[in-house]
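Asks: The structure under discussion is supplied below as C-alpha cells; questions concerning it will follow.
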Amino acid sequence: MVNKIGTGEYVVKCPECGSTDLYHDYERAEVICNQCGLVVDEDLMDEGPEWRAFDNEQAEKRSRTGAPMTYLIHDMGLSTTIDWRNKDSSGRDIPSQQRAQLYRMRKWQQRIRVSNAKERNLTIALTELNKIASKLDLPKNVRESAAVVYRKAVDKGLIRGRSIEGVVAACIYIACRRCSVPRTLDEIAEASMMDRKEIGRIYRFILRELGINLSPTTPLDYIPRFCSSLGLSREVQMKAMDILNKAMNLQLTSGRGPTGVSAAAIYIASVLVGERRTQQEISEVAGVTEVTIRNRYKEIAEKLEIEITM
DNA sequence: AAGACGAAAGTGGTTGA
DNA sequence: TCAACAACTTTCGTCTT
C-alpha cells in the first residue's frame with residue numbers, strides 16, 4: 001500500500017504494470033498510475049494529513065451531522081423537555097402521572113450532573129474538541145491524539161482552574177504537532193475562540209505536567225498544507241521541500257519563524273516551476289506578512305544562489 | 001492597476017542580569 | 001522583575017510589469 005517516507009515521497013507499485021510512477025489526485029482522493037492509468041488506491045482519507053482538500057469536504061459534511069447532533073441530544077434534548085413540562089404545568093392541573101414523570105426527569109438530570117464529574121467533563125470536552133477540530137479540518141488521528149492528551153490531563157487533575165475550552169485547544173495544538181500537522185496558535189485561537197496567549201500558557205503547562213517532549217516545528221511540516229490551500233501542484237511542493245532542505249542545511253532557518261520560512265520556500269518554488277503565486281496570496285495562507293516572505297526569500301535565494309526572474 | 005520592494009516605526013516574546 | 005534584543009508586523013511611498 002501507500003507508504004509515507006520521511007522525505008514526503010510516496011512509494012507504491014502499480015499492481016497492473018509495476019510502475020512506481022504514480023499520481024496523487026487530492027481532489028478525488030485517488031492514486032493513479034501514470035503509466036497505465038489504473039486507479040491504484042481510492043481511499044486516501046486515513047493515509048495522513050496531506051489530503052486536506054479531500055478531508056476538508058468530508059470533515060465538513062461529517063461535522064455538520066456529527067458534532068451539532070450530539071450537542072443537540074445532550075444539552076438541548078434534556079433542557080427543553082423540562083422546560084416544556086414547566087410551561088405545561090403552569091397552565092393546567094398536573095395529573096399525578098405527569099408529576100411522577102417530572103420527578104423522575106429531575107432526578108435523572110441531577111444524576112447526570114452530580115454523579116460523575118469526570119465523565120461529564122469529558123463529554124463536554126470531547127464535543128468541544130470535535131467542533132474545533134472540524135473547523136481546522138483535522139483528520140481523525142489528530143483528534144484521537146488530542147483526546148488522549150486531554151484524558152491524561154483530566155486524570156492528573158490539570159483542568160482545575162482552567163477553562164475546558166482552553167485545555168481542549170491546547171491539547172489540539174499538541175496533537176497537531178505530534179502528528180506533524182502543525183497549525184499555528186493563531187489558527188487554533190481563531191477556531192476555538194480563545195485567547196492565543198491563554199492557549200499558549202495552558203499548552204506549556206500541560207507539556208510540563210505530562211512530561212511531553214515535542215521536537216520543534218520544522219518549516220517542512222507546513223509545506224503540504226500551504227501548497228494545497230494555494231492549489232499548487234505536487235511539483236511545486238517537492239521543489240519547495242527541496243529548497244527548504246538546502247536552506248536548513250545552511251542554517252538559514254534557525255531562529256526564524258517556521259511559517260515565514262515555509263512561505264518563502266513556496267514562493268520561490270512557485271516562481272521557479274512557473275505556477276507563480278503573489279506574495280500576498282501566500283502571506284494569507286501562511287499567516288505571515290509579505291514583508292517577512294520577502295526578507296526570508298531574499299536570504300534564501302541569495303545563499304542558495306537562485307536567480308529569480310520576474 | 002496590481003504586484004513587488006524596502007525603509008522606518010511599532011509590537012510581543014524571549015533572555016539575561 | 002525589568003530592560004535589551006531579535007524577529008516579525010504595520011504602514012507607506014516608490015518602482016516595475
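The values are calculated or read from the model by the stated rules, or taken from the named source; none is laboratory data. Computed from a prediction, not measured in an experiment: that's the story for all the values here. With ideal geometry, Cβ positions are generated from the backbone for all residues, glycine too; neighbour counts draw on all protein chains shown.
Asks: For the structure I just gave you, tell me whether A:LEU244 is hydrophobic (A, V, I, L, M, F, W, C), within 16 Å of DNA strand C (Cβ to nearest atom), touching a residue at least 24 places away in the same chain (Cβ under 8 Å) and farther than 20 Å from A:ILE132 by Cα.
Replies: The answer is yes for A:LEU244.
Asks: Now, a different point. Those residues that are on the phi > 0 side of the Ramachandran plot and modelled with pLDDT of 90 or more, I need them from segment A:253-310; list them, please. Break it down stepwise before answering.
Replies: Here is the first cut: in segment A:253-310, the ones on the phi > 0 side of the Ramachandran plot are A:255, A:274, A:287, A:305.
Within segment A:253-310, A:GLY274, A:GLY287 meet the criteria.
Asks: Mind listing whichever residues of segment A:258-310 are within 9 Å of DNA strand C (Cβ to nearest atom) and part of a loop (DSSP other than H, G, I, E, B)?
Replies: A:GLY287, A:VAL288, A:THR289, A:THR309, A:MET310, listed by residue number.
Asks: Please identify the pairs in which a residue from segment A:185-204 that is in contact (Cβ under 8 Å) with a residue 60 or more places away in the chain has its Cβ atom under 8 Å from the Cβ atom of a residue that is within 10 Å of DNA strand B (Cβ to nearest atom), counting only partners at least 6 apart or on another chain.
Replies: Taking only residues 6 or more apart or on different chains, the pairs are A:ASP186/A:ARG196.
Asks: Given the conditions (1) within 14 Å of DNA strand B (Cβ to nearest atom); (2) surrounded by fewer than 18 Cβ atoms within 10 Å (Cβ to Cβ); (3) without any contact (Cβ under 8 Å) to a residue 60 or more places away in the chain, and given that A:ILE306 satisfies all but one, which numbered condition is not satisfied?
Replies: Of (1) within 14 Å of DNA strand B (Cβ to nearest atom); (2) surrounded by fewer than 18 Cβ atoms within 10 Å (Cβ to Cβ); (3) without any contact (Cβ under 8 Å) to a residue 60 or more places away in the chain, only one is false for A:ILE306: (3).
Asks: Please go through segment A:136-153 and pick out each residue that is buried (at least 18 other Cβ atoms within 10 Å of the Cβ) and assigned to a helix (DSSP H, G or I).
Replies: Correct list: A:VAL142, A:ARG143, A:SER145, A:ALA146, A:ALA147, A:VAL149, A:TYR150, A:ALA153.
Asks: Does A:THR217 count as within 16 Å of DNA strand B (Cβ to nearest atom), polar (S, T, N, Q) and under 23 Å from A:ARG177 (Cα atoms)?
Replies: Answer is yes for this residue.
Asks: So, one more: Within segment A:229-240, identify whether any single residue is in contact (Cβ under 8 Å) with a residue 12 or more places away in the chain, buried (at least 22 other Cβ atoms within 10 Å of the Cβ) and near DNA strand C (Cβ under 9 Å from one of its atoms), and answer yes or no.
Replies: no
Asks: Turning to a different aspect of this structure: Of the numbered conditions (1) surrounded by fewer than 15 Cβ atoms within 10 Å (Cβ to Cβ); (2) modelled with pLDDT under 85; (3) more than 22 Å from the chain's Cα centre (by Cα), A:GLY211 fails exactly one; give the number of that condition.
Replies: Only one criterion is unmet by A:GLY211, namely (2).
Asks: Take residues that are in the same structural domain as A:PRO139 (by TED's automatic domain parsing) and tell me which of the helices (runs of 4 or more DSSP H) falling wholly in segment A:179-252 contain 2 or more.
Replies: Qualifying helices (runs of 4 or more DSSP H): A:185-192, A:196-210.
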